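The values are calculated or read from the model by the stated rules, or taken from the named source; none is laboratory data. The structure presented is a predicted model; accordingly, all values stated were derived computationally and were not measured. No Cβ is skipped: glycine too gets one built from the backbone with ideal geometry, and neighbour counts run over all protein chains shown.
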Amino acid sequence: MPSGDSGGGARGTIIRIALQFLRRIRQRAQQGSQSGTSIRMDAPQTSSGTFNDIVKKFLDQVFSPNANNNGADQVFRSLGYGPEHAPQLAQQYTQQANQRYASHDYTLGQSDQRGQHMTIPIDLNGTGSAQGQMVRILTGWILGSNGSLNLHNPFAGLFN
């Protein structure tokens, strides 16, 4: 082993860079929550972070009859939601993801060229005849290098 190499090599360097990146993002989140601002949900450098793209994710991944969505449509429909509620769901997801990210209520996943993957739980209350019911849904997000939080998967499963 070369001198000065503690065995980590390139892998150790990557981990060190990733940790520095996450520290900077956490500091930005703390500064934003202290000033009353929120994490940016727009994504000028990516296509999946805009509000309309989040609505489209619900239409394509949850409510599309052709989607392989692991029962997501059944969960949402049992809570009174249909495709016409996609904008309302996008708003709820955006708001809760901001809050949970700022309070560090998420689980980190892999990091890749798109950014840092994370799972953020979302509490979804029933509407209409399902009012009074609530389900906690696991959702997949990607934190981009520009600081934007982008919805990747609106239904990764139910929180146990």
Problem - Unique match (being free of Cβ contacts under 8 Å to residues at least 40 places away in the same chain, surrounded by fewer than 21 Cβ atoms within 10 Å (Cβ to Cβ) and over 26 Å from I14 (Cα atoms)) among Q92, Q110, Q61 - result: Q92
Handout entry: Matching entry among T127, T119 (being in contact with a Ser or Thr (Cβ under 8 Å, 6 or more places away or on another chain) and either surrounded by fewer than 18 Cβ atoms within 10 Å (Cβ to Cβ) or at pLDDT 95 or above (or both))
Key = T119
Problem - Scan of the range 62-107 for residues that are assigned to a helix (DSSP H, G or I), in contact with a strand residue (DSSP E or B) (Cβ under 9 Å, 6 or more places away or on another chain) and more than 15 Å from L124 (Cβ to Cβ), ordered by number - result: N98, Y101
Handout entry: Selected residue (criterion: nearest to F76 (Cα to Cα)) from residues of the range 114-130 that are in a strand (DSSP E or B) and out of contact with any helix residue (DSSP H, G or I) (no Cβ under 9 Å at 6 or more places or on another chain)
Key = T119
Exercise for the section: Test G80 against the criterion of being surrounded by fewer than 18 Cβ atoms within 10 Å (Cβ to Cβ) and modelled with pLDDT of 95 or more, and give yes or no. Expected result: yes
Practice task
Kindly list, by first and then second residue, each pair from a residue in the range 131-147 that is assigned to a strand (DSSP E or B) to a residue that is charged (D, E, K, R) and surrounded by 13 or more Cβ atoms within 10 Å (Cβ to Cβ), limited to pairs with Cβ atoms under 7 Å and residues at least 6 apart or on different chains.
Solution key: I142/R114
